1. Taking Tyr28 and the conditions (1) touching a helix residue (DSSP H, G or I) at 6+ places or on another chain (Cβ under 9 Å); (2) of a type outside the set (Val, Ile, Thr); (3) crowded, with 18+ Cβ neighbours inside 10 Å, which numbered condition does it fall short on, given that it satisfies the others?
2. Looking only at residues in the range 271-309 that are at pLDDT below 80 and out of contact with any Ser or Thr (no Cβ under 9 Å at 6 or more places or on another chain), which one is surrounded by the most Cβ atoms within 10 Å (Cβ to Cβ)?
3. For Thr204, state whether it is closer than 28 Å to Leu102 by Cβ and part of a helix (DSSP H, G or I).
4. Given the conditions (1) hydroxyl-bearing (Ser, Thr, Tyr); (2) surrounded by 15 or more Cβ atoms within 10 Å (Cβ to Cβ); (3) touching an Asp or Glu at 6+ places or on another chain (Cβ under 9 Å), report the number of the one that Thr119 does not fulfil.
5. Within the range 285-325, can you find the residues that are among the hydroxyl-bearing types (Ser, Thr, Tyr) and over 16 Å from the mean Cα position of the chain (by Cα)?
6. Which number in (1) crowded, with 17+ Cβ neighbours inside 10 Å; (2) within 44 Å of the chain's Cα centre (by Cα) marks the one condition that Leu152 misses?
7. Does at least one position in the range 227-241 carry a residue that is closer than 20 Å to Val159 by Cα, among the basic types (Lys, Arg), in contact (Cβ under 8 Å) with a residue 40 or more places away in the chain and assigned by TED's automatic domain parsing to the domain that holds Phe288?
Amino acid sequence: MGRISRLGNSLYNGSRSIDFVGRKWLWYAVSALIVLLAVIGLSVKGLNYGIEFTGGTQYKVTLPSDQVTQDNADALREAVGGLGIDNAGSPVVNTSGDTSILVQTEELTNEESDEVTQTIIDTVGASTDDISQDQIGASWGDEVKDRAILGLVVFLFLVVLFIWAYFREWKMSAAAIVALAHDVIITVGVYALSGFEVTPATVTGLLTILGFSLYDTVVVFDKVRENTKSLRASRTTYAKAANLAVNQTLVRSINTSVVALIPVGAILYVSAVQLGASSLKDLALSLFVGMAAGAYSSIFIATPLLVHLKSTESEVVLAERRAKARERRNVDRYASVPVFKEDMPIAEPDGPVPGALMVDDDLDDFDDEDDAPRPASAPEATGRGRTVPTTQRPVGQSRASGRQQPTRQSRSKRK
C-alpha cells in the first residue's frame with residue numbers, strides 16, 4: 001500500500017487527524033488576507049476588459065489554409081503592436097478556423113485603421129480585398145455583462161434551493177454560498193492583479209468553477225451529515241464529527257483537484273507562453289484559479305463555518321456538555337462518588353440506610369496487638385461505583401483475564 005493510501009486510511013478511521021475545525025480562526029485570517037489583496041487589486045488596478053466589453057475594431061484576414069498558422073498570427077501581433085499606436089499596442093490575434101486570422105484592437109481613428117490595414121498586408125502578403133473590417137460596439141459587451149450577472153444570480157439561487165432540499169439545512173446553504181463568493185472574489189482579484197483580459201471566455205470559466213466548487217463542498221457536507229446523524233449514539237461532538245468528515249474526504253478532494261488542475265495548467269501554459277494572447281488563456285486562468293480556490297474553500301472555509309453556525313443549537317450544545325462530562329469522568333472514575341460529610345446519616349447495624357456511612361460498634365474490640373482474627377477485607381470494587389455487585393454464580397480466578405471471573409461447570413456436568 002502506498003504512502004498516500006496509508007495516509008488516507010489513517011485519516012478515514014480517525015487514527016490520524018488534522019484539526020481543520022479547531023483552527024478555524026487561522027483559516028479565516030488566511031482567507032481574509034487573500035480576499036483583501038483581491039479587493040485592493042480590483043480597486044487600484046481594476047479589470048482589463050477585452051474588446052468584447054469595451055468595443056473596438058476587428059480585422060478579418062482571409063488566407064489560404066496553408067497560411068492560417070500560429071506563426072503568421074504571432075507575426076501579425078508583433079507587427080501591429082510595434083506600430084506605436086496606443087490603442088493597438090496589445091492586439092488580440094487568433095486563428096479562426098482554417099481560412100482566416102482575426103486581429104482585434106481598441107477603437108482606432110481612420111488614419112490609424114489604414115495604417116494597421118497596410119501593416120497586415122505587408123506582413124502576410126494579403127490584398128485589400130482579403131481584409132474585412134468591423135466595428136464592435138460597447139453595447140454588446142454591456143449585454144454580455146448583464147447576462148453574466150443574471151446567470152450568476154440564478155445559479156446562486158438554485159444552489160441555495162438545492163442544498164436546502166438535499167440536506168434540509170439552511171446553514172449548509174449559507175456556508176456553501178460564502179465559499180462560492182470566496183472563490184469568485186479571489187479569481188476576479190487574480191485577473192485584476194495579473195492584468196489578464198476579461199473576455200466572454202472568462203465569464204464562462206467563472207460559471208464553470210462555481211459548479212466545481214459546489215460539487216466539492218456538497219461531497220464534504222454529505223459526509224458531515226452522515227457522521228452527525230446521531231450525536232448521542234456516536235458519543236461525540238458536532239465539531240469532532242465534522243472534522244472527521246473533512247479528514248475522511250481530504251485525500252479524495254486533493255486527488256480530484258490535482259487531476260483537474262494538471263490539464264488546465266497545461267492549457268494555461270500553452271496558451272499564455274506559446275500562443276500568446278488567446279481566448280484559451282482567459283478560460284484556463286479562471287478555471288485554474290477557481291478550482292484551486294474551490295478545493296481550499298470546501299476544506300478550510302465551508303465546514304468550519306458550518307460548525308461555527310451550528311455551535312449555538314441545543315443539540316450541539318448538549319453534545320458538547322456530555323463530551324466534557326465524559327472527559328472529567330475518565331480523569332477520575334470515582335470523582336462522582338459521594339464523600340463523607342458531617343451531616344451524613346449514620347446507619348445502625350440492624351438497618352442500612354441508603355447513602356449512609358456504615359459503622360460497626362464491634363470494630364472497637366479489635367486491637368492491633370490482639371491475636372484475634374481481623375474481619376476479611378471486601379473484594380476490590382469494579383465498575384464506576386465502589387459497591388461490589390452481588391455475584392449470580394461462583395467466581396474464580398481466570399488465567400486468561402488475570403482477574404476474578406464468573407465460572408461455570410463443564411457441559412457434561414450441567415443439568
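The values are calculated or read from the model by the stated rules, or taken from the named source; none is laboratory data. These figures come from a predicted structure and were not determined experimentally. As a convention, Cβ positions derive from the backbone with ideal geometry for all residues, glycine included, and neighbour counts pool all protein chains shown.
1. (3)
2. Leu275
3. When the stated conditions are applied, Thr204 passes them.
4. Of (1) hydroxyl-bearing (Ser, Thr, Tyr); (2) surrounded by 15 or more Cβ atoms within 10 Å (Cβ to Cβ); (3) touching an Asp or Glu at 6+ places or on another chain (Cβ under 9 Å), only one is false for Thr119: (3).
5. The answer is Ser286, Ser311, Thr312, Ser314.
6. (1)
7. No, the conditions are met nowhere in the range 227-241.
Residue-wise test of (1) farther than 26 Å from Leu280 by Cβ; (2) touching a strand residue (DSSP E or B) at 6+ places or on another chain (Cβ under 7 Å); (3) free of Cβ contacts under 8 Å to residues at least 24 places away in the same chain; (4) not assigned by TED's automatic domain parsing to the domain that holds Gly290.
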residue: Ser173; (1), (2), (3), (4): yes, no, yes, no
residue: Leu180; (1), (2), (3), (4): no, no, no, no
residue: Thr187; (1), (2), (3), (4): no, no, no, no
residue: Leu206; (1), (2), (3), (4): no, no, no, no
residue: Leu210; (1), (2), (3), (4): no, no, no, no
residue: Tyr215; (1), (2), (3), (4): no, no, yes, no
residue: Val218; (1), (2), (3), (4): yes, no, no, no
